[in-house]
Amino acid sequence: MAKNKYYYYDQESCSFKEVEPKRSRRYLQAAGTLALALVIAGLLVWGMDARWIGTPEEAALEAENEALQEQVADVDARVERFSNKLDTLAATDRKLYRKLFQTDPIGKDVRRVGVGGTDPYEEFERFDERTTRLMRQTEHSLDRLERQMRLQEASYRRLTKMARQRRAKMAHLPAIQPADGPIVSGFGQRDHPILQVEKMHAGLDILLDEGAPVIAPGKGTVTRVDFSATYGNVVEIKHGDTGYTTRYAHLSRVPDRIEEGDVLKRGETFAFSGNTGRSTGSHLHYEVRDAKNRAINPIYFFAPSMTPEQYQQLKKKAEQSGAAFDY
C-alpha cells in the first residue's frame with residue numbers, strides 16, 4: 001500500500017511542497033523493519049531446529065531408543081522360540097506319562113493358566129504407542145515362559161519320583177524264571193498224576209535234577225519257610241509293593257541261613273529242587289499269587305527276560321504240556 005504524503009504551502013513560491021521526513025526518522029524505521037525481520041527469521045530457524053534437526057543429545061537419545069526397541073523385539077523373538085521348545089518338551093512329557101507310567105499327564109487347562117486380576121502391564125502406557133505395544137508383548141511372553149518353566153519343573157519332579165518308584169517296583173517284580181530247566185507242566189487244567197482226572201494246576205512245573213539251585217526271580221522278603229504234606233519243603237517270597245507273592249514247592253532242602261524276614265535279591269539262591277511232598281519226580285513247582293491270593297500264570301512274568309518270539313514259543317509249549325508232576 002502507498003505511503004501517505006504530506007504537503008505544506010510555501011508563501012514565497014506561492015505553491016505546495018512535499019514534506020520530506022527527517023533522515024534520522026528514516027534510519028529508525030529501517031532499523032525497526034530489520035529487527036522485526038531478524039526476529040521472524042530466528043523464530044523460523046529455532047522451529048526448524050526443534051522439529052527436524054534437534055540437538056546432538058536428542059539425536060543420540062533417538063538412536064539409543066531405536067536400538068533398544070530393536071533389542072527388545074529380538075528378545076521377544078527369542079523368548080517365543082524358547083516357549084515353542086517348552087511346548088515340544090511338554091508334548092514329550094505327556095507321552096512319558098501315558099506310555100511309560102500309564103498315568104494322566106498335567107492337564108492342558110493347567111498348562112494354559114494365565115494371569116488374572118488387574119492389567120499387569122499398565123505401567124507401559126506412559127510410552128508411545130509402538131513402545132507400549134512392544135513392551136507389553138515382551139512382558140507377556142516372559143510371563144508365559146516363566147509359567148511354562150515352573151510347570152515343566154514340577155512335571156519333571158513328578159516324573160523323577162515316579163521313575164524311582166517304578167525302578168523299585170521293577171526290582172521287586174518276579175520277572176525271571178526261578179530255575180534253569182524246561183517247563184513240563186503249565187498253568188491251568190491238567191491231568192492229575194494219581195487220580196487220572198483233570199484238576200486245576202495253579203503254577204508251573206520246571207523239570208530239574210534234585211539239588212538244582214532255585215533263585216529269587218525278584219527282590220523280596222521271605223514270608224514262609226515250611227513243610228507240608230502236599231508241597232513238601234516250601235518257601236514263599238513277598239515281592240515288595242508289587243502285591244505279588246511267589247511260592248516254591250517240593251524243595252529238597254532250604255539252607256539254615258534262610259529264615260522268615262530275610263530279604264533276597266533277584267538272582268540269589270535260597271533253596272534247591274527236590275521231590276518232597278506229593279510229587280512224582282524231582283522238579284520245582286512255581287506259583288505266582290496276587291494280593292488277594294489268586295493264582296496267576298507265572299509265564300506272564302517271563303516276558304521282560306526274553307524276546308517276543310521266545311515268549312510265544314514258551315507260552316505255546318507250556319500250554320501243550322501234559323500231566324502235572326504234583327498236586
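Just so you know, all these numbers are worked out from the coordinates, no wet-lab data involved. Because the structure is a prediction, the values reported are computed rather than measured. Positions of Cβ are generated from backbone atoms using ideal geometry, with glycine treated the same way; all protein chains shown enter the neighbour counts.
Amide H contacts of residue 266 (H built 1.01 Å from N, in plane; Pro and chain starts excluded): 219 sit under 5 Å, all sequence-distant by 5 or more or on other chains.
With 20 Å as the limit, write out which pairs from 161/238; 199/219; 169/219; 265/292; 169/292 have Cα-Cα distances beyond it, or answer none. Check vs 20 Å cut-off fails for 161/238; 199/219; 265/292. Full extension of the chain between residue 62 and residue 33 yields a length gain of 6.5 nm, computed as 0.36 nm times the residue separation minus the alpha carbon distance. Over region 137-193, all Cα pairs binned in 10 Å intervals from 0 give whole-percent P(r) values of 17, 20, 18, 15, 12, 9, 7, 2, 0, listed from short to long. 3J(HN,Hα) couplings calculated from phi for region 72-80 with the Karplus curve 6.51 cos²θ - 1.76 cosθ + 1.60 (θ = phi - 60°) are, in sequence order, 4, 4, 5, 4, 4, 5, 5, 4, 5 Hz; Gly and Pro show x. Computed from phi, the 3J(HN,Hα) profile of region 285-295 under the Karplus parametrisation 6.51, -1.76, 1.60 (θ = phi - 60°) reads 8, 10, 10, 10, 10, 8, 5, 9, 6, 8, 6 Hz, with x in place of Gly and Pro.
Between amide H atoms placed 1.01 Å from N, distances below 5 Å from residue 231 occur with 278, all of them 5 or more places distant or on a separate chain.
Compactness check for region 146-236: Cα Rg over 2.2 N^0.38 Å is 1.77.
The label point for residue 153 and the one for residue 256, both projected 7 Å from the Cα toward the Cβ, are 5.9 nm apart.
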